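The values are calculated or read from the model by the stated rules, or taken from the named source; none is laboratory data. What you see is a predicted model, and the numbers here were worked out from it, not measured in a lab. Every residue, glycine as well, gets a Cβ built from its backbone with ideal geometry; the counts of neighbours run over all protein chains shown.
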Amino acid sequence: MSFIENILKTVVLDEATISEKVELSAAAYRIRLQGNSIRKINFIPGSFLKMGIGIGKAELSMKDKIRSYSIWDINKEKGFLDLAIATHSNGIGSQWAKECQVGDTVYFKLKKGNFLADASADSYIIIGDLSALSHLYAINKNIGKNKQVASILYNQQKSELFPDINGKFPLDFYELPQNPSNEIIAKIKEIIPSLKGKTIAYIAGDSRVCIALNNFLRQELNWETKQIKTKPFWNPEKKGLE
């Protein structure tokens, strides 16, 4: 292990243990991290973890040793949090999700980011793919009660999408091909007339979809920038997009 990796483990990153691993679908796992450090987390819904999943693997570059994962659910009193990790990409993170075991030690740091739950609107559009599903579940649970929510959660195989942590399906699922920007725009046009009051859109997952929908909402519907929240989780032409 390099000097830098040793500093990351002992000084920079917090430590936890994998206490549960459950296959959510053919393309996703729920991984529960347990540790005293989790009790001290200042959690804001929509936060994520930077995880040193490649620490100790000399064959990996430093940038490949760190991956980002959204916090799906957290119980600070009991000292655990849940992640949902999609395995479509077959990249470093996907391999780790497939191969990690209960009892493994993991190293992480909480990051707030900007893709957070904002309860200031009256209505919401929530759009994303499998990679963003757990993050969007967390957003949906924390935008306040009695809000109008329309949603488009999609995957090439709808069966690979999974329920929220409580076993319920609060968002609408669609079976769509990769990069279905045109199909989603058509659906947005159907949804928009029914939304009331101030509206916020959450768009996450494929960066191509994030860009296309952001442009559509701003340029064709004249939405203000602050109404549109996007987070690209991946890009087919890039490695390790965060």
Can you find a residue in segment 165-172 that is touching a residue at least 12 places away in the same chain (Cβ under 8 Å) and of a type in the set (G, A, S)? no
Is segment 153-161 home to any residue that is under 24 Å from S25 (Cβ atoms), assigned to a strand (DSSP E or B), in contact with a strand residue (DSSP E or B) (Cβ under 7 Å, 6 or more places away or on another chain) and among the charged types (D, E, K, R)? no
Could you tell me which of the residues K141, K158, K168, K145 is at pLDDT below 95 and within 25 Å of D82 (Cα to Cα)? K145
For segment 182-224, the count of residues that are part of a helix (DSSP H, G or I), farther than 19 Å from I143 by Cβ and of a type in the set (S, T, N, Q) equals 5
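Residues that are of a type outside the set (K, R) and either under 17 Å from the mean Cα position of the chain (by Cα) or buried (at least 17 other Cβ atoms within 10 Å of the Cβ) (or both), at least 3 per element: which strands (runs of 3 or more DSSP E) completely within segment 62-149 meet that?
The strands (runs of 3 or more DSSP E) meeting that bar are 67-70, 80-86, 105-111, 123-129.
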Residues of segment 46-61 being at negative phi, outside any strand (DSSP E or B) and modelled with pLDDT of 95 or more, which ones? S47
Which pairs have Cβ atoms under 6 Å, sit 6 or more apart or on different chains, and link a residue in segment 24-46 that is in contact (Cβ under 8 Å) with a residue 60 or more places away in the chain and over 14 Å from V106 (Cβ atoms) to one that is among the charged types (D, E, K, R) and part of a helix (DSSP H, G or I)? S25/E160; A26/E160; A27/E160
Residues (part of a loop (DSSP other than H, G, I, E, B), in contact with a helix residue (DSSP H, G or I) (Cβ under 8 Å, 6 or more places away or on another chain) and not aliphatic (A, V, I, L, M)) located in segment 162-176: F162, D164, P170
Residues of segment 187-198 being in contact with a strand residue (DSSP E or B) (Cβ under 7 Å, 6 or more places away or on another chain) and either among the acidic types (D, E) or farther than 17 Å from L171 by Cα (or both), which ones? K196, G197
How many residues of segment 6-23 are surrounded by fewer than 19 Cβ atoms within 10 Å (Cβ to Cβ) and modelled with pLDDT of 95 or more? The answer is 7
